[in-house]
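Engineer: Starting off with a structure, shown below.
What follows draws every value from the coordinates through simple rules; no lab data is involved. Nothing here was measured: the structure is a model prediction, and the numbers come from that model. Positions of Cβ are backbone-derived with ideal geometry, glycine not excepted, and every protein chain shown enters the neighbour counts.
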């Protein structure tokens, strides 16, 4: 009996070894890090998904993209891939991507409204001021304490585009480059859009790149508001601000983000034939 068990075990071991030989070794594929930051301002832990360029060198300085809606199940992976592609094929330098995973985007990305229908549909709404404070006083200082950084970017779509617009108008110095995709400027009866001209009059004219886009297949109000904020920015008299606008002809609100970011990055890093 013992002999039979030994023979069976030998056969199973040989079979297992053959399978391993056939399949090769298996190890995790890592493209960065997942970090948790405890926020005193928000009174909660926030997850950061961080893409690090291949061959990352902690002694070098890197541009940083801060990506709203940056959960693994949201936009982190495909945006990191886009950044890697632009580094490989275009003139974009190696860049870190910090994806900020959501807890409650309706709470974090919207400012206060007295409109009863919005309060009903968005019961946790109205705390973008706290999120911006977290961003400015905790998140950015944390990232800058962990990595040597240079240029900064903010990517936001939809309600994230609303937040990116609010930061651009109220605290423009937080980032060097703003990618504002399909911004939900309809929020609170377009109150932010209506304040834009006055807010811009108080902004310093320091170097900045702002890219705005909207899909042709989106709601007419989305298109009108995106065009309106572009016009206000373009006519603000900021000589050191580069303002770009792109109507995405084949896209709607659901499909626009990836292609639109591609078009915006091309504006900054146009393709050049290798010499």
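Engineer: Residue 254 label point, 7 Å along Cα→Cβ, cut-off 20 Å on backbone N: hits in the stretch 219-235?
Structural biologist: Under cut-off, by backbone N: 219-223.
Engineer: On average, how much area does the Cα convex hull of the stretch 131-275 cover when viewed from any direction, in nm²? Provide the component values of the computation, followed by the final result.
Structural biologist: On the way: hull surface 41.0 nm².
One quarter of the hull surface, i.e. the mean projection, equals 10.2 nm².
Engineer: Turning to a different aspect of this structure: Full-extension gain between residue 115 and residue 146, please, as 0.36 nm times their residue separation minus the C-alpha to C-alpha distance. Display every interim value, and only then the final one.
Structural biologist: Values: separation 31, 0.36 × 31 = 11.16 nm, distance 4.15 nm.
So the extension gain works out to 7.0 nm.
Engineer: Here is a further query. How much FRET efficiency would the formula 1/(1 + (r/R0)^6) give for residue 58 and residue 130, where r is the Cβ-Cβ distance and R0 is 25 Å, rounded to 0.05?
Structural biologist: On the way: r = 31 Å, r/R0 = 1.26.
Using R0 = 25 Å, I get an efficiency of 0.20.
Engineer: Additional query: Defining a contact as two alpha carbons under 8 Å apart and six or more residues distant in sequence, what relative contact order in percent does the chain show?
Structural biologist: Details: 448 pairs, mean separation 41.0, N = 275.
RCO, the chain: 15 percent.
Engineer: Given the options 123, 204, 28, state which has the largest fluctuation in a GNM of the chain using a 10 Å cut-off (strictly under) for Cα springs.
Structural biologist: Maximum among the listed residues: 28.
Engineer: Give me the distance between the Cα centres of the stretch 153-216 and the stretch 40-103, rounded to whole Å.
Structural biologist: Here the two parts' Cα centres lie 20 Å apart.
Engineer: Between 174, 89, 248, where does the largest GNM mean-square fluctuation fall for the chain, given springs only between Cα atoms within less than 10 Å?
Structural biologist: In the Gaussian network model the winner is 89.
Engineer: Using Cβ contacts closer than 10 Å as the measure, can you line up 34, 229 from fewest to most?
Structural biologist: Details: 34 13, 229 25.
With the sparsest Cβ surroundings first, the list reads 34, 229.
Engineer: Right, next: Exposure proxy check: 187, 241 ranked by fewest other beta carbons within 10 Å?
Structural biologist: Details: 187 24, 241 20.
So the ranking, lowest neighbour count to highest, is 241, 187.
Engineer: Give the Rg (one decimal place) followed by the Dmax (whole number) of the stretch 31-268, computed from C-alpha coordinates and expressed in Å.
Structural biologist: Answer for the stretch 31-268, Rg first and Dmax second: 17.0, 52 Å.
Engineer: Right, next: Mind giving me the FRET efficiency for residue 202 and residue 247? R0 is 25 Å, r the Cβ-Cβ distance, nearest 0.05 is fine.
Structural biologist: Numbers: r = 29 Å, r/R0 = 1.18.
That pair, residue 202 with residue 247, gives E of 0.25.
Engineer: May I pose another question? What are the semi-axes of the equivalent ellipsoid of the stretch 31-119, taken as the square roots of 5 times the eigenvalues of the Cα gyration tensor, listed largest first and rounded to whole Å? Don't jump to the answer; show the numbers that get you there.
Structural biologist: Details: eigenvalues 181, 49, 23 Å².
Result for the stretch 31-119: semi-axes of 30, 16, 11 Å.
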